[in-house]
Each structure stands twice: as structure tokens, then as C-alpha cells.
Amino acid sequence: MVDATFICSLCCGQTRTPDKCTGCSLYKDEASNRNYRKVPFFEIEVMADSFELQEISNTVEALLCAFDLEADEFNDITAAKLLELAFDKYHFKDAELRFANAAQKDWFEKMSQVLEEELFHFSEEQRIKVLASVYRSLQRRTTGGREYLQFTQQYVGPRVAPGVRILTR
């Protein structure tokens, strides 16, 4: 809670808590300061040499392609946000996630289901690191539009491993 008293910058930095500081223009919670590009990832060469890691990557990218085909408003930024939500849940272990809208929540729940039920035989570390590799690829290919998704549609498309149902229509 913000009050009208003055506090020096040193004391402010040493005593910040969500209870006392929510609403203050200087307060940023931990989640808003995350650098998702620092999540551990596999190097391109490691990904290229492993069919197992490629299976995870192809499944995740096919899922993003399927979402892209389902919705007109899906773009590279939307795909990046879904990957960031996955990092929040699986890497940062957030108990509660914040969704921008119902569609984002629905896509994330489908993605989580695939990660947990269809890719369960891979370790959580492998899945996180592949997600981070996909995220870095997306960041390299996009200018904020649909460049990454167009590239991925061309090379991966909405196909996935046998038994994985993604498209809801």
C-alpha cells in the first residue's frame, strides 16, 4: 500500500514487498522483470543432432501452427507469450498464471496438456530447454508480425506425433 511518506532509495530497494509496494510506480514484481532469453536452452547443433529433441520441437511448433490456423488474431507475439507462460509454469514454478484473455488461457491449457500427456516420456528439463530453443528461434525470425509462424507453417505445419489431437474444429 502506498502512503505519502518519503523514503530514501536505499531503504526503498531493501524493503520492497508486494504487500507494501503494490500500486507504487517504482514497484515491479519479479515476473514482470523476467528475462526469458536467459532460460536454459539447447544450442542449434545439439538440437540438430538429436531426433528426441527434434520430436519435442516439432510437436511444440506444430501446436503453434495449429493455433495459428484456428485463430485470426494469432501471431508471433501471441506464440512468444504462450512460451513465456510455459516458462512461468515449468521453469519459474509460478503457482498462478495471468492470462490476457480466454483464448490465451485455452491455448495454454492445450499446450500444457500436450507437454504433460504426449511428451511425458521426456524429462521436464529437456522440454523446458527445447521450449527455450524454440523461443530463441522465434525471437530471431520475427519483427513482431507473422514471420516466424509463416516460416514454421512452411517447414513443420500443424502435424504432430501420432495420437496427439490439437485442432478443435
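The values are calculated or read from the model by the stated rules, or taken from the named source; none is laboratory data. These numbers come from a predicted model, not from an experiment. Counting neighbours? That spans all protein chains shown, and the Cβs are built from the backbone with ideal geometry, glycine included.
Look at Phe122 and say whether it is outside any helix (DSSP H, G or I), closer than 24 Å to Phe42 by Cβ and modelled with pLDDT of 95 or more. Yes.
Which of the residues belonging to the range 130-163 are surrounded by fewer than 20 Cβ atoms within 10 Å (Cβ to Cβ) and part of a helix (DSSP H, G or I)? I'd like the intermediate steps shown before the answer.
The first filter runs over the range 130-163 and keeps only residues surrounded by fewer than 20 Cβ atoms within 10 Å (Cβ to Cβ), leaving 136-137, 139-147, 150-151, 153-159, 161-163.
Result: Arg136, Ser137, Gln139, Arg140, Arg141, Glu147, Gln150, Phe151, Gln153, Gln154, Tyr155.
Tell me, yes or no, whether the range 61-72 has at least one residue that is outside the structural domain of Ser9 (by TED's automatic domain parsing) and without any contact (Cβ under 8 Å) to a residue 40 or more places away in the chain. Yes, some residue in the range 61-72 is outside the structural domain of Ser9 (by TED's automatic domain parsing) and without any contact (Cβ under 8 Å) to a residue 40 or more places away in the chain.
Here the condition is being closer than 24 Å to Gln154 by Cβ and of a type outside the set (Asp, Glu); of Ala71, Ala100, Ala95, it holds for Ala71 alone. The single condition among (1) modelled with pLDDT under 95; (2) in the same structural domain as Ser57 (by TED's automatic domain parsing); (3) closer than 19 Å to Leu69 by Cα that Arg169 does not satisfy is (2).
Can we say Ala100 is under 19 Å from Phe41 (Cα atoms) and within 15 Å of the chain's Cα centre (by Cα)? So Ala100 fails the test.
Can you name the residue in the range 118-142 that is touching a residue at least 24 places away in the same chain (Cβ under 8 Å) and of a type in the set (Ser, Thr, Tyr) and is also farthest from Ala79 (Cα to Cα) among such residues? Out of the qualifying residues, it is Ser133. The set of residues in the range 34-60 that are basic (Lys, Arg) and without any contact (Cβ under 8 Å) to a residue 12 or more places away in the chain contains only Lys38.
Among the criteria (1) under 22 Å from Arg140 (Cα atoms); (2) modelled with pLDDT under 90, the one Met1 does not fulfil is (1). If you go through the range 73-117 and keep only what is among the acidic types (Asp, Glu), in a helix (DSSP H, G or I) and touching a residue at least 40 places away in the same chain (Cβ under 8 Å), you end up with Asp76, Glu84, Asp88.
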